[in-house]
Amino acid sequence: MALATLIACVIRSILAQGGPPMITDDPGTPGNGKWEINLALAFEHRPGETSYDLPAIDLNYGVGEHIQLTLQTAPVLLKRSGQGAIGGIGGTEAALKWRFVDEEANSVDVSTFPRIIFNVTQSSARRGLSQDGTRFQVPVELAKKLGPWHADVEFGPLTSTVGRSEWLYGIVGGIDVAKTTMLMAELHGISRMNFTSDLLIVNFGLRHEFTETRILIVSLGHEVRSPDAPRALIGYFGMQLVY
């Protein structure tokens with residue numbers, strides 16, 4: 001109930017665009033035959049260890065105006081206190097987004113974004129560079145824009161070949177502070193099916209358009225609740241290329 005109240009307050013206070021640099025996705029697609037490529041340095045720091053995506057690679061291709069094909073992966077470097085750095089390929093994600101409701105006709109954008117997250121090499125999970133097993137997500141995204149204000153919500157199940165089934169959820173709120181600049185705030189979480197033992201992240205981001213095809217995307221966040229490990233500081237610093 002406390003989490004639901006907090007999310008409701010955020011919706012009322014800041015009616016943003018999801019997707020990189022935020023964790024929560026949005027219903028947007030690149031457009032027919034167009035690419036959206038996100039390249040970034042991302043990190044996750046916990047007491048005693050830090051991992052880096054060098055770089056985080058997010059490739060998106062538009063098929064028609066309502067379909068997006070996505071492939072994400074990253075070389076990962078992990079450094080633990082008192083140990084040498086280890087590297088390898090992190091988890092890889094393949095996904096297909098379908099936006100089946102458009103805001104122009106229905107006052108809101110709605111999509112579904114099923115995805116599979118797997119390990120190219122099993123040694124990545126064994127060495128702590130990625131999560132074990134293969135995971136499946138079938139979330140739904142909703143987005144609404146009112147003048148300079150933006151809101152995006154994502155919710156859906158997450159299942160895995162290892163461990164419990166869970167829910168993922170997120171909300172991004174943002175405002176255009178200039179024609180080329182947007183500031184964003186996010187709550188993103190993963191919980192058990194009964195909404196207990198959840199991971200909750202507060203994240204803040206910025207998008208700044210240098211040109212229509214070169215966009216700076218930056219975020220910094222922190223886990224405010226983590227049931228299984230010390231709370232992490234996360235960051236994302238990258239460029240979005242659109243053509």
Cross-link reach from Lys34 to lysines, straight Cα distance under 26 Å and at least 8 residues apart if same chain, gives Lys97, Lys144, Lys145, Lys179
Computed about the Cα centre, the charge dipole of the chain from +1 Lys/Arg and -1 Asp/Glu charges at the Cβ has a magnitude in debye, to the nearest 20, of 640 debye
Of Leu96, Leu158, ordered by accessible area with the largest first and a 1.4 Å probe, the sequence is Leu96, Leu158
The simple spin-label model distance between Asp228 and Glu209, using points 7 Å out along Cα→Cβ, in nm, is 4.0 nm
Extension length gain for Leu71 and Leu220 (0.36 nm per residue less Cα distance), in nm, is 51.3 nm
So, relative contact order of the stretch 77-191 in percent, Cα under 8 Å, 6 or more apart, is 17 percent
SASA check, His222, accessible area w/ 1.4 Å probe, all protein chains in place, rounded to nearest 10 Å², comes out at 80 Å²
Quotient of Cα radius of gyration and Kirkwood radius for the stretch 23-161, i.e. Rg/Rh, equals 1.04
Rounded to two decimals, the Rg over Rh value of the chain from Cα coordinates and the Kirkwood Rh reads 0.95
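The values are calculated or read from the model by the stated rules, or taken from the named source; none is laboratory data. No experiment lies behind these values; they were computed from the predicted model shown. Every residue, glycine among them, receives a Cβ derived from its backbone with ideal geometry; neighbour counts consider all protein chains shown. Surface areas here come from the heavy atoms of the whole protein model, side chains and all, with no ligands, DNA or RNA. Shrake-Rupley method; radii C 1.70, N 1.55, O 1.52, S 1.80 Å.
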